[in-house]
Amino acid sequence: SVDSTNNYAMQKVHARLAKHGDAWFAMEQTKGKGQRNKRWQSNAGENIILSIVTEPGFLSPAKSFLLNAAVALGTYDFFQKYGGPETRIKWPNDIYWRDRKAGGILIESAIRTEQWLYAVLGIGLNINQTGFDNELQATSLRLITGRHFEVTALARELCYFLEERYEMLKAGHEALILQDYRRVMYKLNEQVCFKHKELLFEGRVKGVTPAGLLILETDKREQQWTWGEVEWIIG
């Protein structure tokens, strides 16, 4: 049990007690972190709560979305093996099954003078949990398949999928990473309602740029949005 596996892994990084590929799995998080400072809630012992230390020095920090895409794809590859073809990546880094959230990714970095020293890949996936807060549109592998899973064994398997995508990125296959990411995007080529500040609008999801900007088509013209500028309105 830890407050946050990302916090734990980053403490190891700063204490110089971590190396590339080290992974920490927790049965319980008391203060799990999600995007936009939201809390990641997970029942003890039922899900994958994992943080992995990487040394992505082969990438410039300006290309951080490529790492995000590779990690999201590795997580997608793993989840769809069990959850099936209705698994998708919701931009920028959530794992969805149909219209329900199955997992999320939080990447935190240590950068010095434009050199990417470390990145901690935090991944939370709903595996055996069946009850969620009413306001959460969430699901899990157990709800999808009816099966109970051994979470530590699945966490190890997830690491293999992540390593495969990471090595693909390291080998320079950036265009393929972006192509594969776009192919499995949630609501690709569909009209979706978004919110920008207080304005609601509809846009057709067309893909992402290499920098990770969401491409939306509105009124027959394309617009690009950074993470945090627009909010998905689903359901």
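Residues of segment 65-98 being farther than 14 Å from Tyr181 by Cβ and of a type in the set (Gly, Ala, Ser), which ones?
Gly83, Gly84
For Gly172, indicate whether it is not aliphatic (A, V, I, L, M) and not in a loop (DSSP other than H, G, I, E, B).
No.
Which of the residues belonging to segment 108-126 are of a type in the set (A, V, I, L, M, F, W, C) and either within 15 Å of Tyr76 (Cβ to Cβ) or without any contact (Cβ under 8 Å) to a residue 12 or more places away in the chain (or both)?
Leu121, Ile123, Leu125
Being among the aliphatic types (A, V, I, L, M) and surrounded by 15 or more Cβ atoms within 10 Å (Cβ to Cβ) is the filter; apply it to segment 116-134 and report the residue that is farthest from Val13 (Cα to Cα).
Residue satisfying both the conditions and the ranking: Ile127.
Going through segment 135-162 one residue at a time, which ones are under 21 Å from Gly122 (Cα atoms), open to solvent by less than 90 Å² (accessible area, probe 1.4 Å) and not hydrophobic (A, V, I, L, M, F, W, C)?
Hits for segment 135-162 are Thr139, Ser140, Thr152, Glu157.
Being assigned to a loop (DSSP other than H, G, I, E, B), modelled with pLDDT under 85 and open to solvent by less than 70 Å² (accessible area, probe 1.4 Å) is the filter here, so list the residues in segment 32-55 that pass it.
Gly32, Gly34, Trp40, Ser42
Go through segment 64-111 residue by residue and tally those that are basic (Lys, Arg) and under 10 Å from the mean Cα position of the chain (by Cα).
1
Can Glu217 be described as surrounded by 12 or more Cβ atoms within 10 Å (Cβ to Cβ), part of a strand (DSSP E or B) and modelled with pLDDT under 95?
Against the criterion (surrounded by 12 or more Cβ atoms within 10 Å (Cβ to Cβ), part of a strand (DSSP E or B) and modelled with pLDDT under 95), Glu217 does not qualify.
Out of Thr113, Thr75, Thr87, report the one residue that is open to solvent by 20 Å² or more (accessible area, probe 1.4 Å) and either out of contact with any strand residue (DSSP E or B) (no Cβ under 7 Å at 6 or more places or on another chain) or β-branched (Val, Ile, Thr) (or both).
Answer to the check: Thr113.
Conditions (1) over 19 Å from Glu167 (Cβ atoms); (2) surrounded by fewer than 19 Cβ atoms within 10 Å (Cβ to Cβ), marked per residue:
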{"site": "Lys19", "(1), (2)": "no, yes"}
{"site": "Thr30", "(1), (2)": "yes, yes"}
{"site": "Ser64", "(1), (2)": "no, yes"}
{"site": "Asp94", "(1), (2)": "yes, no"}
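Can you find even one residue in segment 142-157 that is within 20 Å of Pro92 (Cα to Cα), in contact (Cβ under 8 Å) with a residue 24 or more places away in the chain and not β-branched (Val, Ile, Thr)?
no
Out of all the residues in segment 220-235, which are under 15 Å from Phe65 (Cα atoms) and either of a type in the set (D, E, K, R) or open to solvent by less than 90 Å² (accessible area, probe 1.4 Å) (or both)?
Within segment 220-235, Trp225, Thr226, Gly228 qualify.
Kindly provide the set of residues from segment 88-128 that are under 18 Å from Asn47 (Cβ atoms) and part of a loop (DSSP other than H, G, I, E, B), ordered by number.
Within segment 88-128, Asn93, Asn126, Ile127, Asn128 qualify.
Could you tell me which of the residues Arg204, Arg182, Arg165 is among the basic types (Lys, Arg) and open to solvent by less than 50 Å² (accessible area, probe 1.4 Å)?
Unique residue meeting the criteria: Arg165.
The values are calculated or read from the model by the stated rules, or taken from the named source; none is laboratory data. These numbers were taken from a predicted model, which means no experiment stands behind them. Quick reminder, even Gly has a Cβ in these numbers, built from the backbone with ideal geometry, and neighbours come from all protein chains shown. Just the protein is used for accessible areas: all its heavy atoms, side chains included, with ligands, DNA and RNA removed. Shrake-Rupley method; radii C 1.70, N 1.55, O 1.52, S 1.80 Å.
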